[in-house]
Structure formats: structure tokens, C-alpha cells
Amino acid sequence: MENLNLILPEIFISLSIMFLLILGVFKNDSSKITFNLSLFAILITIIITINETFSVTRETLFNESVVIDSMSSLMKIITLIGGFLVLVISSTYLKTFKIYNIEYPILILSSILGMMVMISSNDLIVFYMGLELQSLALYVLATYNRDQLKSSEAGLKYFVLSALSSGLLLYGCSLVYGFSGSTNFDTISSQLNSEEYVLTFGIVFILVGLAFKISAVPFHMWAPDVYEGSPTTVTLFFTIVPKIAALTVFIRFLYVPFLNLIDQWQMIIVFLSIASMVFGAVAAIGQTNIKRLIAYSSIGHIGYTLAGLATASNEGIQSSIIYISIYVVMNLALFSCLLMLRRKDQYYEDINDLSGLSKNHPLLSLCMLLILFSLAGIPPLAGFFAKFYVFKAVLEQSMYFLAIVGLLSTVVAAFYYLRIIKIMYFDKEKDKYDTDHSLWLKFSLTVSTILILLYFIFPSQLIEVVSRINII
Amino acid sequence: MNFPILSSLILLPTIGALFLFFIKEKGDNSTIKYVALFTTVVNFLISIYLWIAFDQSTSTFQFIEDRTWIKGFINYKVGVDGISILFIILTTFITPLCIISVNNSVKNRLRDFLISILIMESFMIGVFSALDLVIFYLFFEAGLIPMFLIIGIWGGARRVYSAFKFFLYTLLGSVLMLVAIISIYWITGTTDVVQLYEIGIDIKYQNLLWLAFFSSFAVKTPMWPVHTWLPDAHVEAPTAGSVLLAAILLKMAGYGFIRFSLGLFPVASEVFTPLIYTLSVIAIIFTSLIALMQEDMKKLIAYSSVAHMGFVTLGIFTLQQQGIEGSIIQMISHGLVSAALFLTVGVVYDRMHSRLISTYGGLVSVIPKYSILFMLFALASLGLPGTSGFVGEFLILMGAFKDNFLVAVLASIGVILGAAYMLWLYKRVVFGKLLNEDLKKILDLNKSEYFILSSLAAPILFFGFYPDPLINTIEVSVTDLINMHNTNIASK
């Protein structure tokens, strides 16, 4: 008998989704209660995940097609916390656009479910199932503000490109299956050897598909449009939560089935990493829409996480996970600021709307200042440590070129972060924004900013948690 | 001594800044100013105590604090030796003067300005007391944030351009140093400076690592040809910002050269000495010539800073006792003199709102007190005997003559040029006919300005006539540094 307790979080969250759907059908005007219940469901899932799986070193279920290990439980917890915070700060925004409906929390829950399945997958089919579940939910979320043309456009673009990448991924999976005779990651790992040239195609297709999902250059084209068009809260969701899941799968693919083929994929990852870092930094310079700018900056940040993966070492993987965790906090904080730029039921997202913010809203702009400097990787803020760990791992493998290109692109990237700070602090002020923000929004901004600011006092804790992850 | 005196030096200004953060800005800003002033004066007193308690007879680091920070990787380690203690005192001495001087030059958002300055002070003391490469880097880079804001928010017309230039130039220089620091960790297994001094770094890595550190320090010093951010940043920064920049920020790189480039990479330092000599001599002569042609007073002083820092780098890499001691004294003296010069320019700028030399002339007949003090600082800047500027320059040239005759001769030309631009500036501003009608109404120094300038004049004269307290403090540490260097070279 399988130990079903290990997948209790997934079971619980799917039951909650069904229950909420039924509730939505039978009860009129149930959006508020759906929101609260889904928040509650996520909280309980977090508790279950911590209780049931956090201490597990490595266990497999269902003919080894699902794996529970320290990486999967940690990433699930980050995903859930991310999902929770996105949901909790969404309400005001959604109400403003009159899209405060029951579908929103349910879609978020389903995509989270898909991601949790992805994170735990140890089998090509299970992985693909999870991927599609999360993607379908995300397509709908992108178009969620259906009265706006841009939102529909974003959803459609996302759908077409993402479907294409899923197709590539599937093709790659079938090639890999053809050579290994199995869909199980562990079996694939023992069956594959680098003699087969066609197999390289399979690996490349899978990596391309995954690169699409995390929007690494040169497969990033969808990101700026989708990020700009989607409702801001959904953009926030896009920039953090799916990236965690996709990164986990990326790690899993590279270091379980393809572990013996490092020579084949290492160069690809290094290329993806360098291209993303450089392009993300350069392309963001000309942007005027903050959401587009964040899209490019997130492309750059993905480049740094990939740099950690390219090292083929446990330290590298750990540093990537640290990077993505800190990145989640920074992005959450940045979007909380963005959601505060509201005046008379209208949200502002152009860079110039920030002009002179520091005079009217000193605290908000101070938070934003810290967040931006942290994103730029200036010590002693958290963003510096994220980059520091990654480059420490990269230099351990003597990959000097990668490290130097990466650090030089941080200088370029610093330019556009500075530009925002310049607009906030050095330019003339505009009208005041509303200050009646929801308590949760203030809470998430305060907590994440404090985490960013004071991370340097207790840097060891995060490392200790992450150091339990030993994939290789 | 268990009390963490260095950490409290580092933390105290930040705590003061935190206090300021919670004080509401009201009509008169006296509370805010007093809190800031109180914090920095206390800090100064602590640092004076540090100097008294400091044991001058040994070159080992004192007041060491060593705590685990990132387990198994980095320790929070601070400590001082004869070299760093002087820079700490310079920092704590200049900062309160900056705060007194903001009276006139900073009109809006005084509270934010003082917070920036206090935080800046924390970081700078951190730089001078860090005994771990990563901790050093942390403080070194963190200083960019407050300085960027000081230039950008309170600066003059082209402030945005200058702030960006300052930030990006220095960041670009520093990231390579970060690569080097992490590489050192992987090569030797530690980033603790004291341990690294003992272990030494393999010769085959030294050249590249030295260059990486150099790229950062050269920008910060600033050395020719990467000095171009400095005049822009200086001209656009408010007076207090220029003072901090010239007096203390520029010293971080000189200190870095002594502590890290010489200490960690002795062989490479030897190899690259010709490079440093060339760049230093170019800096001394070339920027002195540029300074001659300036029409903006602040810009002239900024270029003179580059020339003076050229002397400093020259002195450090003579690798002679006199040269290095001279460099340290030159840095301290330049800290005092350039601070004083920027403040003197600030005084007339506050009254006339012009930095152009042509606006002025004949000041001596309207504001005599000002003219006398200005005279003193100008003479100290050109290195007249009896001022602290002379001691440093003289020792550096002595060291240089021992090591390389040609370089020393060329550097001496710089001394003459220095006298030329400084005296010409003084002549055009203070002497001559009073042509500008507005100048007739100009007021002489008020009490606070008088106080600031004379408290800068006192140490300049004192150390000019009696440099022993400075030399005694650094002597043992420098001798030890040279000995360590020579044994390293001998054993290669």
C-alpha cells in the first residue's frame, strides 16, 4: 500500500477546488467566500506540506512516477506561499475592474495544483499532465480582464506560443522515450548514454520547451506582451509562481534523466544563461511601461538562476534555489508597490507615473528604492546575496567567462533600475495617489521589504534550509 | 577588551539615522540637526578614545571582533591597525563638520540628507575596519547607494548625469573585484585578511587577481584615465557631499591599495609598479594642466584631487617606507585640505550662487577673514612647508627618488604645476580689483563657518609642524608591511 499521506497536499487542494466549484454553482454572490475559503485552503495545504513531507529525504510513489524529496517539498511551500500572497493582495485590484469573481481563486488553485504535480513528477507523463493543468489555468488567467483588448490579446498570444512549446516538449519527450524505453526519470537516467546523436535532439527539444516556460532568451518573446496585457495581479502571479515550478522541473530534468549527458546540455544552459542575462539587461533600458520592464528584468533574473544550474554541482543548484526564493520576495514587493499606484479607481503603470513619488509618498518610494537597489544587486540588500551565491558556485567550477559576463550585465541592468529611482527621487512630483490600501497589501510590502533589507543579518538560515537539497 | 568598540562605531550613525527617520520634519530643523550632530560627535569621541587606547608598538590588528556570519564561509571580522585607525578618525572627524555645514547649502529635505550622510559614515567606517574581503566589499559597494542619492537629489543642474556616471563607473570597477574575491575564496579557502596574509596567494594567480582589484580601486581613486566621473560628481554634489566624496570616499581606494593590493599580492604589485608609475605621473601632470584651465572653482579642486591622488598611488607603489608613510599622510592631509577647500568654495557659493572664478575677484578687501583661511588652505594644498600637505608630498618624493629617479623628477614637476594652479586660483578670486558690484555686499564668515574652517585649519597646521603623532601611529604597521612584502618577494 502506498503511503498516500505524502501526496495529501495535492489531494487536499484538488478536493478544495471541487468543493469551491460546487459552492460557486449553488450559492449566489459567493465570490468573497470563495476567496476566503481558497486562502484558507492554501494555508492548510502549506501546513500539511510542512507536516507530512518536509522531513522526508526521498520517497517515491506510484511505480516511482511521483517523487517526494526535500527539493519538492521546499519548492511546493514556496509556490503555495507565493500563490497565497498573490491571492491575498489581488482583491482590491479585481474589484476595481469588476472582475472579482469565483473563477479567479479557483483558477489560481488549479494552476498551483498543476505546479505541485510538476514539482513532484518523476515521470514524463506525470510531468506533462501537471504542466498542462497549470498552463490551461494560466491561459484563462491571462485573459481574465476580458473586457480589455490587451488582456485578451495577451491570453491568446500566451496560448499559441505556450502550446507550441508544449508541442516541442512533447516531441522531445517522445524521442527520449524512444531511446530509453521508459518514461520514468530514474530508468531513463540509467538507460541513456551520449553515443546517440538523435537523442541530443530530444534533449534540445525538451530544454527548448522548458526555456519557453521560464522565458529564457531566445524563447522569451511572449513574456513582455503577456506581462503587459494581463491584469497586474496575474502578471505578479506569472512572474513568480510558475517560474518556481518550471525551475524545479528544469533541475529535475537536467540532474536526473540527463545527468550522464552533462556534456550535451551544459553548453546549452550556459548559452541560455548568458543570452538571458545580457538581453534582459539591454532590452529593459528602453522600456516605459513598468510591467514590460519587469518582464525584461525577470528574463535577466532567470539568466542568473540558470547560471547556477549550468555549474552541474549541488552548490549551483542550491544557489539557484536561493536566487529564485529571494527573487520571489523582491518581485512580490515590487508588485505590491505597483498595486499602490492607484488614483480614483485607476491604476498607473507607466514609468513616468512614478515621477517625484518620493515627495508625496516618502515611505512607499523608500521601499521601492530598497527593492530596486536589491534587484540591481547592490549590497547589503538581499539581491546582492542571491547573486553572490550564484557566482560563488559558478566560480567554484572555474567558469570565469560566465561569471564575468553575468556581473558585467548587472552593471547594465543597474542602469535601468537607477532610471526608475531617478524618476522617483530626482524628478518633479505629480498628483498624489490614493493611500487607502488594503491591510494585506501593506502587510506584504512591509514584510517583503524588511526581509530584503535585513536579510544580511541572518543569511545562514536560508542556506541551511536549502543545503538539504542534494540532487546529484 | 570585550566591548565591541568598532561595531559600535559602525552602528552608531545608523542608529542615529534610524532616530532621524522617526522625527517629523517641521518648520525649523534644529532637532534633526542636533540629533545628527550629537551622534557624529559621540562617534568622533569614541574614535579618539580608540586612538588613545590603541597600542602603537605592534602591527597586529587590535580591537578584533570575530563572529560567525555565514556558517563555514564568512566571518564578520573587524579590527584596526596603525594604517586603518587614522582613516577611521578622519571619517569621524569630517562627518560632524559636514553636518554643521549643511546649514546653508541644503535647503530641502534636510532630514533625508542627514540620514544619507549618517548611513554613509557607517559604511565608510566599515570599509576601513573590515578584515574580511567579503565584508569589505559589502561596505565598499553599499556606499554607492547614499552617495548616489546625495548627488542626485541635492546636486546642481547636471546632477542626474553625474549621479549615474558616478554609480555606474564605480559599480563597473567593483564587480571584477567581486569575481576576484570569490576566486580567492576558492583558491585559498578563506576570505579572512589576517589568515590570507599568513597563507599568501599562489603566484600564478596573483597577476589576474591584482588587475581585478586594480580595476575597482583605479576607478575609486580615481586614476587617469578613469577619473572622469570625479569632476562631474564633485561639481554637481552639494558642498557636504563634495566634502565627503573628496575627504573620505577617495581614500577608500588608496587604503585598499595598501591593505589588499600590496598585502595580498606582493609579487604582482612588483610586476605592475611601472603601470602604476606611468598612470600616476600622467595623472599628476595631465590633470594639473587641466586644473590650470578650469573656470569653475569646484572643478579645479576636483582635478587637483586627481593629481593629489596620483601622488598617493605613486607613493604606495614605491614600496619604500617613506613612500607608503608619505602616501598615508598625504591621504589624511588631502582629506583635511580638500574638505576645507570645498567648504571655502561652498561659503562663497552660498552667497553668490556661482562657482565661476570670473564672478569673483578682490574678495580680500570685503571679506578678510575668509581670505586668510582660504590662503592657508591653498598653501596647504600646494604643499608649503609647515602644512600637512608638505609632509606627505615630501615623503612620497623621497621614496620615489630612492626607487626611480625619472618618475620622481616628473612628479616634482607636478608639485610646481600644483603651486601654479592653486596660486592663480587664489589670485583671481581673492586679489585684483573688485569689479562685480554684487560682491560689495558679501558677508564674511559666520560663526559656524568660522568654526568649521578653523577646526580644519588647526590639524593642517599642527600636523604640518609636528607630524609625529601620525607617523608614530603608522610606522610599525608600515614597517611590518614592507618586511612582509620583502620576505614574500624573496621567497618567490
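The values are calculated or read from the model by the stated rules, or taken from the named source; none is laboratory data. Note that the coordinates shown come from a computational prediction; the quantities given were computed from them, not determined experimentally. Neighbour counts are summed over all protein chains in view; Cβ atoms, including those assigned to glycine, are modelled from backbone coordinates with ideal geometry.
If I filter segment A:79-95 for residues that are within 22 Å of A:PHE250 (Cα to Cα), out of contact with any strand residue (DSSP E or B) (no Cβ under 7 Å at 6 or more places or on another chain) and surrounded by fewer than 22 Cβ atoms within 10 Å (Cβ to Cβ), do I get at least one hit? Yes, the conditions are met somewhere in segment A:79-95. Against the definition (within 25 Å of the chain's Cα centre (by Cα) and within 9 Å of chain A (Cβ to nearest Cβ)), how does B:PHE164 come out, yes or no? So B:PHE164 fits the description; yes.
What number of residues within segment B:382-414 are touching a Gly at 6+ places or on another chain (Cβ under 6 Å) and either crowded, with 23+ Cβ neighbours inside 10 Å or on the phi < 0 side of the Ramachandran plot (or both)?
Final tally of qualifying residues: 11.
In this structure, B:TRP210 qualifies as part of a helix (DSSP H, G or I), touching a Phe, Trp or Tyr at 6+ places or on another chain (Cβ under 9 Å) and more than 13 Å from every other protein chain (Cβ to nearest Cβ).
Looking only at segment B:186-217, filter to residues that are touching a residue at least 60 places away in the same chain (Cβ under 8 Å) and aromatic (Phe, Trp, Tyr); which one of those is nearest to A:SER398 (Cα to Cα)? For segment B:186-217, the residue satisfying everything is B:TRP210.
Candidates in segment A:442-472 are the residues that are under 27 Å from A:ILE89 (Cα atoms) and touching a Ser or Thr at 6+ places or on another chain (Cβ under 6 Å); of these, the one that is surrounded by the most Cβ atoms within 10 Å (Cβ to Cβ) is A:LEU445.
Filtered by the rule that a residue be facing chain A (nearest Cβ under 7 Å) and either of a type in the set (Ser, Thr, Tyr) or more than 27 Å from B:GLY72 (Cα to Cα) (or both), segment B:141-158 gives B:LEU144, B:ILE145, B:LEU149, B:GLY152, B:ILE153. Please enumerate the residues belonging to segment A:347-379 that are away from every other protein chain (no Cβ under 14 Å) and either under 15 Å from A:PHE443 (Cα atoms) or without any contact (Cβ under 8 Å) to a residue 40 or more places away in the chain (or both). A:LEU364, the sole residue that qualifies. Every test in (1) within 14 Å of chain A (Cβ to nearest Cβ); (2) exposed (fewer than 14 other Cβ atoms within 10 Å of the Cβ); (3) within 19 Å of the chain's Cα centre (by Cα) is passed by B:ILE10 save one, and that test is (2). Evaluated against (1) assigned to a loop (DSSP other than H, G, I, E, B); (2) over 26 Å from B:TRP186 (Cβ atoms); (3) more than 13 Å from chain B (Cβ to nearest Cβ), A:ASN470 falls short on exactly one condition, (2). Scan segment B:291-301 and tell me whether some residue there is in contact with a Lys or Arg (Cβ under 6 Å, 6 or more places away or on another chain) and assigned to a helix (DSSP H, G or I). The answer is yes, given that some residue of segment B:291-301 is in contact with a Lys or Arg (Cβ under 6 Å, 6 or more places away or on another chain) and assigned to a helix (DSSP H, G or I).
For A:SER448, indicate whether it is at pLDDT 85 or above, more than 10 Å from chain B (Cβ to nearest Cβ) and more than 21 Å from the chain's Cα centre (by Cα). No: the conditions fail for A:SER448.
Each row is one residue, and each column tells you yes or no for (1) surrounded by fewer than 22 Cβ atoms within 10 Å (Cβ to Cβ); (2) outside any helix (DSSP H, G or I).
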position	(1), (2)
B:ILE145	no, no
B:GLY156	yes, yes
B:LEU168	yes, no
B:LYS204	yes, no
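Of the residues making up segment A:74-98, those that are under 21 Å from the mean Cα position of the chain (by Cα) and of a type in the set (Val, Ile, Thr) are A:ILE77, A:ILE78, A:THR79, A:ILE81, A:VAL86, A:VAL88, A:ILE89.
One residue stands out in segment B:31-75 among those that are within 14 Å of chain A (Cβ to nearest Cβ) and touching a helix residue (DSSP H, G or I) at 6+ places or on another chain (Cβ under 6 Å): the one that is surrounded by the most Cβ atoms within 10 Å (Cβ to Cβ), namely B:ILE74. Testing B:SER216 on (1) under 19 Å from B:ALA339 (Cα atoms); (2) buried (at least 24 other Cβ atoms within 10 Å of the Cβ), one condition comes back false. Which one is that? All conditions are met except number (1).
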